[in-house]
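Participant: Structure in structure tokens, see below.
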Amino acid sequence: MSFERPATRCLTLADMRAVLWVTVLALGCDRGHPREKSAAPVPPPLPDRAASSASSGAACTLTENSARLPAAKRVVAIGDLHGDLAATRSALVAAGAIDARDRWIGGDLVVVQTGDVLDRGDDEQAILDLLYKLEVDAKAAGGALIPLLGNHELMNAAGDFRYVTRNAMTDFDEVAKNRLAALAPGGVYAKKMAAHNVIAIVGDTVFSHAGVLAEWTTQIDEVNRSSRCWLDGQSGGVADGPSALTSEDGPVWTRALGIDPVDCTAVSKALTALGVARMVVGHTVQPQITSACDGAVWRIDVGLGKNYGGPIEVLELVPGAPPKVLRGTR
């Protein structure tokens, strides 16, 4: 995309917004760009896919957490939160999930949060605690809150703290001796995260942090199992990350669905293989919730954390109706 203009023409507001969001997208990428200021050194490179796959083959005693859930009367998807508790609450209020006192009021509503709670903000532990509380409350009311794992959850478990704010470095010190002890495989919060999947299918929609490319459609159960077992401390330590963490085209890392043009033929192939109508992804910041491939892909990472300062937007899915964007306030 070019932003060249004749010398005699001033940039319009639309031009400036386009330039701004291309800049935001570039800064938001976690690989291949200068790293942000951090309170921790860059860790050694992660293991390759073959090594991580081998480590995930160990026996694991975790109860299966099914990737497929039945259709719901109403589903709301929320994108990357990145340590902003106020924005998280606003998004949940916009979804009709909670009241002003953080009580679940959604009834049988299903909320899917597509990962990246951690990094870039100071409120990580508070957000995790809120989501895990609401997960219990929603189930008791006949609904569900489904927190998925993003690349930043898996990166932190691997000891990659490049995107942790200075204030957040001590966020988990009350429950463990330090951040790594809390988030590394087998740590108290890693075990909490181990209750959750990387990929979920609710009715006719597949949700993941970055997207499920065709070559990954047969690996959903393995991706979920290996990531969960690793976080639980049953498949090695920080250097033994699962393929979901180490694969550039994997469901927490791919940018193929977040940056236009999207290969709609490939999307159609993946959706057909999964038996669903659409996929909802976060990971790549958009100026607002956007869609691609005639609504087959919905991109819901709007940079709602204050690190980005994007809008508060969530996506509502109701059977028989077109997807709808709901908006909150800061």
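The values are calculated or read from the model by the stated rules, or taken from the named source; none is laboratory data. No experiment lies behind these values; they were computed from the predicted model shown. Positions of Cβ are generated from backbone atoms using ideal geometry, with glycine treated the same way; all protein chains shown enter the neighbour counts. All accessible areas refer to the heavy atoms of the entire protein, side chains included, with ligands and DNA or RNA removed. Shrake-Rupley method; radii C 1.70, N 1.55, O 1.52, S 1.80 Å.
Participant: Roughly how many Å² is the accessible area per residue of segment 161-261, as a whole number, for a 1.4 Å probe?
Facilitator: 34
Participant: Can you give me the three principal axis dimensions of segment 134-261 from its C-alpha atoms, in Å, biggest first?
Facilitator: 42, 38, 29
Participant: Taking amide H atoms as placed 1.01 Å from N in the peptide plane, list the residues 5 or more away in sequence, or in a different chain, whose amide H sits under 5 Å from that of Arg68.
Facilitator: The answer is Ile201.
Participant: To the nearest 0.05, what FRET efficiency results for Ala321 and Ala126 with a Förster distance of 35 Å applied to their C-beta separation? Provide the component values of the computation, followed by the final result.
Facilitator: Working: r = 34 Å, r/R0 = 0.96.
The value I calculate is 0.55.
Participant: Continuing with the same structure: If the limit is 19 Å between Cα atoms, which of Lys133/Lys324; Lys73/Lys324; Lys269/Lys324; Lys139/Lys192 go over it?
Facilitator: Check vs 19 Å cut-off fails for Lys133/Lys324; Lys269/Lys324.
Participant: If we count every other residue with Cβ under 12 angstrom of Ser227's Cβ, Lys/Arg +1 and Asp/Glu -1, where does the sum land? Don't skip to the end; give the middle numbers.
Facilitator: Working: positive: Arg225, Arg228; negative: Glu153, Asp221, Glu222, Asp232, Asp240.
Residues close to Ser227 contribute a combined charge of -3.
Participant: So for each of 223-229, 60-66 I average, over its residues, the number of other beta carbons within 10 Å; can you give me the resulting order with the highest mean first?
Facilitator: Put in order of decreasing packing, that is 223-229, 60-66.
Participant: Using only C-alpha positions, report the orientation-averaged shadow area of the convex hull of segment 112-208, nm², one decimal.
Facilitator: Dividing the Cα hull surface by four gives the mean projection, 6.1 nm².
Participant: Further, regarding this structure: Using a 1.4 Å probe over the heavy atoms of the protein chains, calculate the carbon and sulfur portion of the accessible area of segment 140-218 as a whole percent.
Facilitator: Carbon with sulfur: 49 percent of the solvent-accessible area.
Participant: Still on this model: If R0 is 22 Å, what FRET efficiency do you get for Asn178 and Ala239 from their C-beta distance, rounded to 0.05?
Facilitator: 0.80
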